[in-house]
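Participant: Right, I'll just put the structure down here and ask away after.
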Amino acid sequence: MIKLTDIIKESKVSYLTEAFKSKLLRQFSMNNRGSLDRDLYTYLATQGLEASKIEDSQIKKQSTLPRKGVAIAVASKKVTLYAKGNRYWESNLEIDKGTIVCVFKDGKSLWYTRSWRSKDVQVKNPTAYGAEDMKTFGLNKYGWQSPKAVKSIDGIQFYTISMEEDLPYMGAKNIRKLRANIQSGSWKWRTDADFKRENENRYEDAIRKIYSDPAKVKAVIKKTKDYANKLIVGLVGGKPNAVSYAVMKGIKMDPKSERDVMRALSDITTAMNKFYEKLDYYAQELERDKQDRKRYPDNKYMGREAEKRGKEIAQMSNTITTGAFARIW
């Protein structure tokens, strides 16, 4: 079973920089020109390297480009990179000390691309098909991306990270590669405990807003809330139960498939978020009904909107508690 506590969460660079043990990597990942972003760390994780576990003492500073490991090329002083080639729109570029120019692996530039269909980072040869969409990590300055060109920069320095398998930060291949919190609207969570806490909070808020219950909504809310909690505990909390088994079977979810799990968790979160949004509308209708009954005490058709909304909530609850989360919009 996939447990969210074993997932790398790389949804934002700010989160990554807070997680780094290395001050150098935090510095390299700040929002300055040529800074490193999560795409590099996403790729390195697929190679077994857990960037958050690297310490400064494990990063070697040298003046020559190494043949092995990951090397981050950094300008040690202000320098001008002159325009190359015959592209008229290219111009000279003055860069400051500390600018990340390029990143290399085993002495070669890391050229990468990422499809809009997927979060997966693909490192390829720049002469391969689709090269027009490829770029290098760091400054990505045309003409200053090859090993030869970068090595010629005055004062360039290389910060090298070894990728020997016995090093303490080499273990990311054993970690699932889902890199974002499950979220929908304002609902965001990482563990089954997070989900349950937020679910309980929203349940209490919903109950407090309801002063009367013509459609027996309270019981429906509790039923749906309890069901969702059992489901999440079963799917990602490491405690499979009848509810989680039934859902996995019903939607043909493979608990070992990242794609299946991610899809299911996203659908569940979205469905519960929509459910609580519907409850907000219900609470508003109750208040309006109360006012309408005061204004028009002799009109039996006034003050009935909340009842209709309550029936909609019951229908949504039935959909959720039968595992048909994807049908909630």
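Participant: Please go through segment 81-95 and pick out each residue that is over 14 Å from residue 153 (Cβ atoms) and either open to solvent by 90 Å² or more (accessible area, probe 1.4 Å) or touching a strand residue (DSSP E or B) at 6+ places or on another chain (Cβ under 6 Å) (or both).
Facilitator: 86, 88, 89, listed by residue number.
Participant: I would also like to ask the following. Within segment 48-80, can you find the residues that are touching a residue at least 24 places away in the same chain (Cβ under 8 Å), open to solvent by 60 Å² or more (accessible area, probe 1.4 Å) and not charged (D, E, K, R)? Even if it seems obvious, please write down each step before you answer.
Facilitator: Residues of segment 48-80 that are touching a residue at least 24 places away in the same chain (Cβ under 8 Å), as a first pass: 48-56, 58-77, 79.
Remaining after also requiring open to solvent by 60 Å² or more (accessible area, probe 1.4 Å): 53, 55, 60-61, 63-64, 67-68, 77.
If the condition is that a residue be touching a residue at least 24 places away in the same chain (Cβ under 8 Å), open to solvent by 60 Å² or more (accessible area, probe 1.4 Å) and not charged (D, E, K, R), then 63, 64 are the ones that fit.
Participant: While we're on this one: Select from segment 298-312 the residues that are open to solvent by 100 Å² or more (accessible area, probe 1.4 Å) and assigned to a loop (DSSP other than H, G, I, E, B) and list them in ascending order.
Facilitator: We begin by selecting, within segment 298-312, every residue open to solvent by 100 Å² or more (accessible area, probe 1.4 Å); these are 298, 300-301, 304, 308, 311.
Correct list: 298, 300, 301, 304.
Participant: Take segment 96-113 and flag every residue that is open to solvent by 70 Å² or more (accessible area, probe 1.4 Å) and touching a helix residue (DSSP H, G or I) at 6+ places or on another chain (Cβ under 8 Å). Explain how you work it out, then say what you get.
Facilitator: Going through segment 96-113, the residues open to solvent by 70 Å² or more (accessible area, probe 1.4 Å) turn out to be 96-97, 108.
Listed by number, the list holds a single entry, 108.
Participant: I'm checking my understanding of the structure. Among residues of segment 13-42 that are acidic (Asp, Glu) and within 16 Å of residue 110 (Cβ to Cβ), which one is modelled with the lowest pLDDT? Write out each step before concluding.
Facilitator: Of the residues in segment 13-42, the ones acidic (Asp, Glu) are 18, 37, 39.
So of that shortlist, the ones also within 16 Å of residue 110 (Cβ to Cβ) come out as 37, 39.
On the way: 37: 83, 39: 86.
The extreme case among them is 37.
Participant: Only one residue in 284, 315 is more than 32 Å from the chain's Cα centre (by Cα) and at pLDDT 85 or above. Which one?
Facilitator: Details: 315 fails: more than 32 Å from the chain's Cα centre (by Cα).
Of 284, 315, the one residue that is more than 32 Å from the chain's Cα centre (by Cα) and at pLDDT 85 or above is 284.
Participant: When you scan segment 116-125, do you find a residue that is among the charged types (D, E, K, R) and modelled with pLDDT of 85 or more, even just one? Don't jump to the end; show me each part of the working.
Facilitator: The first filter runs over segment 116-125 and keeps only residues among the charged types (D, E, K, R), leaving 117, 119-120, 124.
Then keep just the ones that are modelled with pLDDT of 85 or more; that gives none.
No, that holds for no residue.
Participant: May I ask you to say which residue of 278, 290, 311 is among the basic types (Lys, Arg), touching a residue at least 12 places away in the same chain (Cβ under 8 Å) and under 17 Å from residue 184 (Cβ atoms)? Reasoning before the result, please.
Facilitator: Working: 290 fails: under 17 Å from residue 184 (Cβ atoms); 311 fails: under 17 Å from residue 184 (Cβ atoms).
278 is the lone residue from the list that is among the basic types (Lys, Arg), touching a residue at least 12 places away in the same chain (Cβ under 8 Å) and under 17 Å from residue 184 (Cβ atoms).
Participant: Please go through segment 137-172 and pick out each residue that is surrounded by fewer than 19 Cβ atoms within 10 Å (Cβ to Cβ) and on the phi > 0 side of the Ramachandran plot.
Facilitator: Matches in segment 137-172: 140, 143, 155.
Participant: Quick one: residue 41 ticks every box in (1) under 15 Å from residue 25 (Cα atoms); (2) in a loop (DSSP other than H, G, I, E, B); (3) among the hydroxyl-bearing types (Ser, Thr, Tyr) except a single one, so which number is it?
Facilitator: For residue 41, the failing item is (2).
The values are calculated or read from the model by the stated rules, or taken from the named source; none is laboratory data. No experiment lies behind these values; they were computed from the predicted model shown. Using ideal geometry, Cβ is built from the backbone for each residue, glycine included, and neighbour counts are taken over all protein chains shown. Areas reflect the complete protein model, heavy atoms only, side chains present, ligands, DNA and RNA absent. Shrake-Rupley method; radii C 1.70, N 1.55, O 1.52, S 1.80 Å.
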